[in-house]
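**Student:** First the structure, then my questions, so here it is.
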Amino acid sequence: MLPSIKYQFFGDAIEIALSVFMLCIVILVLTNTIYATIYKVANMPSAPQTRHAIIKDIQNRFMSRPDLLIYDLGSGWGGLCRKLAAADPSYTVKGFEISIIPYCVSKLMQMVSLRHPYFISRGDLFTVNMNDADVVICYLSPYHMDRVALEIIPHMKSGSILYSQGFPLHERKADDVINVPLSIEKKIYRYDM
């Protein structure tokens, strides 16, 4: 009689653990949806092809400047920050994300990425002073790109570059458009300051 109680207890424990796991998944999805609605963001990671194209363009344009300060606005899950830091350890890479779940994942990944340090911050990217940035990379919605045009670009220093993944600025023609046909974003718009 004891073995059947033991197996029943084990079965109940598994059922409870699965229920708690499913509840956590539902809470995460709801939290993510609420953040996406409130802040008008979609948590879509950059495609690997897009990351590669941006890094290659940065390296081609700044060959003689290895000590770049790079800001990734809307850094999401942190994939581009990790790849930028790995591409050249002399780069200072700072990512900004407002959505809690991608921020937590990227912060966790940052903590275990000891070989290639970079920084991830959570908060409103429009309150950050980016006057010293050499490169600003955005993967933001058209709504946020309009704010970038009004609130960030006027303060960027001469010689710096802004990349926009997927969404062009409405009031300004891109200095270059990098086609990335196999990615979600399809185009990267580069604006030279």
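**Student:** What are the residue pairs meeting all of these: first residue in the stretch 61-74, first residue of a type in the set (K, R), second residue modelled with pLDDT of 90 or more, Cβ atoms under 9 Å, and 6 or more apart or on different chains?
**Tutor:** Close Cβ pairs satisfying both conditions: R61/V135; R61/I161; R61/R190; R61/D192; R65/D134.
**Student:** Can you tell me which residue within the stretch 158-169, out of those that are over 17 Å from the mean Cα position of the chain (by Cα) and surrounded by 12 or more Cβ atoms within 10 Å (Cβ to Cβ), is nearest to H52 (Cα to Cα)?
**Tutor:** It comes out as I161.
**Student:** Can I ask one more? For residues that are part of a loop (DSSP other than H, G, I, E, B), buried (at least 17 other Cβ atoms within 10 Å of the Cβ) and either within 17 Å of the chain's Cα centre (by Cα) or among the charged types (D, E, K, R) (or both), tally how many sit in the stretch 170-193.
**Tutor:** Number of matching residues: 2.
**Student:** Looking at the stretch 136-193, which of the residues that are modelled with pLDDT under 90 and of a type in the set (S, T, Y) is nearest to D72 (Cα to Cα)?
**Tutor:** So the residue we want is Y139.
**Student:** Within the stretch 54-129, considering only strands (runs of 3 or more DSSP E) that don't extend past its boundaries, which have at least 3 residues that are more than 16 Å from the chain's Cα centre (by Cα), among the acidic types (D, E) and in the same structural domain as L28 (by TED's automatic domain parsing)?
**Tutor:** Working: elements: 69-73, 92-97, 119-122.
It comes to none.
**Student:** Looking at the stretch 90-115, which of its residues are under 15 Å from I55 (Cα atoms) and at pLDDT below 85?
**Tutor:** Residues satisfying the conditions do not exist here.
The values are calculated or read from the model by the stated rules, or taken from the named source; none is laboratory data. Quick caveat: nothing in here was measured; it's all calculated off a predicted structure. As a convention, Cβ positions derive from the backbone with ideal geometry for all residues, glycine included, and neighbour counts pool all protein chains shown.
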